[in-house]
Structure formats: structure tokens, C-alpha cells
Amino acid sequence: MIVLNRQPVDIVEECTDSMRVVKEAEERKNEILDVAERLFGTKGFDSTSTGDILNEIGIARGTLYYHFKSKEEILDAIISRMMNRMIEKAKTIAVRKEIPVLQRLTMMVFSLNVSDGHLEQELLEQAHKPQNALMHQKMEKCLLSGINPIITDLIEEGITQGICRTDYPEEVAEMTFLYANTVFDDLMEHSEEEKQRKIAAFIYNLERLLNMEQDSMKEAIMPVFQRYAE
């Protein structure tokens with residue numbers, strides 16, 4: 001009876017210890033990512049060594065390599081984590097059915113270029129420097145794979161409502177994302193005249209892609225741009 005009574009306790013203790021180890025490993029992994037993200041954002045990916053990361057955290061090289069096999073693997077994990085946050089933000093906008101679908105589409109695309117934090121903004125700025133082209137390429141590829149299905153769903157919702165028409169919703173979604181991600185990425189750095197021209201071009205080209213009458217999207221979309229410009 002004693003053995004039988006102790007066995008479940010032993011199992012519970014083993015499970016608790018295992019959960020504690022997993023939690024500690026996850027915390028250490030996130031600590032590495034947090035430090036690496038800050039260093040990549042301030043110094044750049046190429047100018048940051050694994051030694052810099054080790055010195056900042058104060059851990060052994062073996063501990064770092066237990067979680068990540070290379071500096072590029074750390075970068076991949078940082079990008080994945082950041083892109084997942086952005087994708088979740090886009091999803092919360094996409095499901096707000098009380099907002100007209102065209103406004104949701106624009107809000108979602110535009111929000112992808114608004115940073116949630118200082119470190120994230122620094123990393124995004126670093127990604128646009130020529131020496132960090134690999135970082136930028138990885139970010140865009142990761143974000144496109146996550147965002148494109150959401151944009152496609154919004155376009156298909158618009159088709160169902162009779163607002164727009166296209167036989168290629170997925171391809172239109174891809175073109176919309178790539179155009180907006182390029183143009184809106186540095187929209188605030190342009191003069192007011194250049195900014196308005198780029199916004200008008202976005203509306204005009206999206207209307208053509210979705211077989212809509214000229215200026216039919218203007219009333220729905222312009223308030224979104226004004227809101228983010230404030």
C-alpha cells in the first residue's frame with residue numbers, strides 16, 4: 001500500500017520538475033532573444049557577434065548553443081517572434097466585422113508599418129540598411145506568408161458582399177501587401193505632396209486590381225490614412 005500510495009506522488013513530482021525545467025529553458029531562450037534583438041537593433045546584425053550576446057547576458061557559450069546553433073538561427077527566431085506579434089495584430093483588425101471590409105483591409109495593411117516598441121523600431125530600421133539585406137528579406141518573407149491569407153479572406157469577403165470582383169484574390173492580396181509594405185514603410189518621411197500622391201496611387205491601383213470604379217474606395221480608405229497620420 002505504501003508503494004502504491006507513493007507512486008502517484010513520485011509521478012507528480014517528476015512532472016513538476018520537468019515543467020520547471022521547460023519553463024526555465026523557455027525563459028533563458030527568451031532572454032537570449034531579447035538581448036540579441038536589442039544588439040541587432042543598435043549595432044546591426046553583421047556587427048554583432050555571439051560573443052557580444054554572451055557578454056551581455058553573462059552565460060557560457062555552451063548554454064547559447066544549446067538553444068541556438070548559430071547567430072542566423074537567433075535572427076530567425078527574433079524575426080519569427082516579431083512577425084507573429086504583427087500577424088496577431090492584423091488578425092484582431094481583420095475580425096472586426098463592425099468596420100467596413102475596405103477600411104479593415106487598409107487599417108490592417110497600414111498597421112504593419114507601425115511599430116509597437118522602441119527596440120522593435122530599431123530592429124526594423126536596421127533591417128532597411130544595405131548591410132542587413134538578409135534580415136529585411138527574412139522579415140518580408142515571414143510576414144508575407146502570415147499576412148497574405150488574412151488579406152485574401154478580406155478580399156473574398158468583399159467579393160461576397162458585391163463590393164469588388166477578381167478571379168485572383170490571393171494574387172491581389174500579395175500585390176497589395178508588397179506594394180503597401182514598400183510604399184507605406186517610409187511614408188512619414190515624404191513631403192505632404194508626395195505622401196498624398198502615394199496614397200492616391202495606392203487607392204487607384206487597388207481599385208484597378210479589384211475591378212472597382214475609380215474613386216469608389218476613396219471614401220472608405222482616406223479616413224484610415226488620416227487617422228494614422230495624426
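Report R96's accessible area, 1.4 Å probe, all protein chains in place, as a number in Å² to the nearest 10.
100 Å²
Which links in K43/K198; K138/K195; K29/K71 stretch past 20 Å when you go from one Cα to the other?
K43/K198; K138/K195
How would Y204, Y179 rank on accessible area, largest to smallest, probe 1.4 Å?
Y204, Y179
For a quick check of understanding: with a 1.4 angstrom probe and all protein chains in place, what accessible area in square angstrom does T160 have, to the nearest ten?
Solvent-accessible area, nearest 10 Å²: 120 Å².
The values are calculated or read from the model by the stated rules, or taken from the named source; none is laboratory data. In this text, all values refer to a predicted model and were calculated from it rather than measured experimentally. Just the protein is used for accessible areas: all its heavy atoms, side chains included, with ligands, DNA and RNA removed. Shrake-Rupley method; radii C 1.70, N 1.55, O 1.52, S 1.80 Å.
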